[in-house]
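S.K.: What follows is a single structure, and I will ask about it in a moment.
Derivation of every value follows stated rules applied to the coordinates shown; laboratory data play no part. As the structure is a prediction and not an experimental result, all values here were calculated from the model. FYI the Cβ positions are ideal-geometry reconstructions off the backbone, even for glycines, and counts take in every protein chain you see.
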Amino acid sequence: MINQDFITAIDLGTSKVSTLIATKSKKKYLEVVGFGHSKSNGIKKGSIENVSLAVDSIKDSFSQAIDMAKGYSDSVYISISGAQIGFENREDYFSQVGSHGVITYEEVMSIPQEVNLKARNEFREIIHSFPFRYKIDGHGGIVDPVGMHAQGIEVSTHLVTSNLEQTNFIREALGGAGLSVEKFIFQPLADYYSSSNIKQQKVNSVMINIGEGTTDIAVFNRGSMVYLSVIPVGGFQFTNDIALTYNMSYEDAENLKLRYGHTSPGSIDIHEEIAINVIGSNTPINIRRRDLAQLMRERALELIRLIDIKLRHAGIKEDPNTVVNITGSASDLSGFFEMID
């Protein structure tokens, strides 16, 4: 049953499609009343490669959530990430702001929409607009200009954009499942507001989402996104390394990673062995678990190095008070957090 009191959200991931259905409780909190997930088909690194396969995955995940919730909204919030995401910092001047004497709250709230109109182009779709700095009469560093006397204002805005072709593919896939897009939400932004507290939103924060296909990095200054980057390395690369090294199927390599994966060889008994199945043979072979851990450690070191480069580029490494949050399906690999620390 369609009910606009419900809120539906869908995450189109590389490994799975997840659906959440929530409703507002009497205390005005969101309460999850239904969820579902299905194997992700036709989707790779956040991009839809086959619309019809993606439709089937969305329908499967969505139907599971409906069975639990007994209701839904057909206008969906879509989590978006991957290599198609880009960002742009821009400066715009608005001469009409403050023309009635002082800068009003309504004028400030209308700035993102005005920026979007100026920044619009035929190849990119604007997902989010974050004004993060204002300048009045040559004086910069203003965080909140409401109530100030001015005739015009200069605004620094961080834009999050996506490849327009990809957002249209997502709309097509949602439409095939009988749904429509209410709004696109950049994945690390959703992670940030769902996991950070008010104190963290008053300081510099970093959200790192290590997914199956990509690692998304977002930097926030007092709650406003000021930097983002996407690294094309995720859980897939760890599994693929195992599959290629030991001549295994991807599915067997994934199971091996989940069951025995570790990034600290020194913490594993040197005599511990694992029986694996290799392609082209009916006889299992034994490998040392410590060798498997060393293989995974090398990939983890590469990913950490790439993350470090991005954080230095964002200028975040110089601030020891920065709060770092790590999430994502590939982030719970044993030993990985200790390596980052």
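S.K.: Assigning unit charges at the beta carbon (Lys, Arg +1; Asp, Glu -1) and nothing else, what dipole magnitude in debye, to the nearest 20, does region 200-341 show about its Cα centre?
M.R.: In debye, rounded to 20, region 200-341 gives about 400.
S.K.: Kindly state, to the nearest 0.05, the FRET efficiency for Asn121 paired with Leu306, given R0 = 25 Å and r defined as their beta-carbon distance. Walk me through the intermediate numbers first.
M.R.: On the way: r = 29 Å, r/R0 = 1.15.
Once rounded, the FRET efficiency stands at 0.30.
S.K.: Let me ask something else about it. Computed from these coordinates, which is volume of the Cα convex hull per residue in Å³: (i) 218; (ii) 158; (iii) 169?
M.R.: Derived directly from the coordinates: (iii).
S.K.: For Ser334 and His139, compute 0.36 nm times the residue count separating them, minus their Cα-Cα distance, and round to one decimal in nm.
M.R.: 65.3 nm
S.K.: Quick one: length gained pulling Tyr105 to Val323 fully straight, 0.36 nm per residue minus the C-alpha distance?
M.R.: The Tyr105-Val323 span can extend by a further 75.5 nm.
S.K.: For Arg90 and Ser224 in the same chain, what is the full-extension length gain: residue separation times 0.36 nm, less their Cα-Cα distance, in nm? Spell out each step's value before the answer.
M.R.: Numbers: separation 134, 0.36 × 134 = 48.24 nm, distance 1.47 nm.
Going from the current span to full extension adds 46.8 nm.
S.K.: Which ³J(HN,Hα) values, rounded to whole Hz and listed in residue order, are derived for region 98-109 from phi using the Karplus coefficients 6.51, -1.76 and 1.60 in 6.51 cos²θ - 1.76 cosθ + 1.60 with θ = phi - 60°, glycine and proline given as x?
M.R.: After applying 6.51 cos²θ - 1.76 cosθ + 1.60, I find x, 5, 9, x, 9, 6, 9, 4, 4, 5, 5, 5 Hz.
S.K.: While we're here: With each pseudo-label sitting 7 Å past Cα toward Cβ, what's the Glu165-Ala275 distance in nm, one decimal?
M.R.: Result for the modelled spin labels: 4.9 nm.
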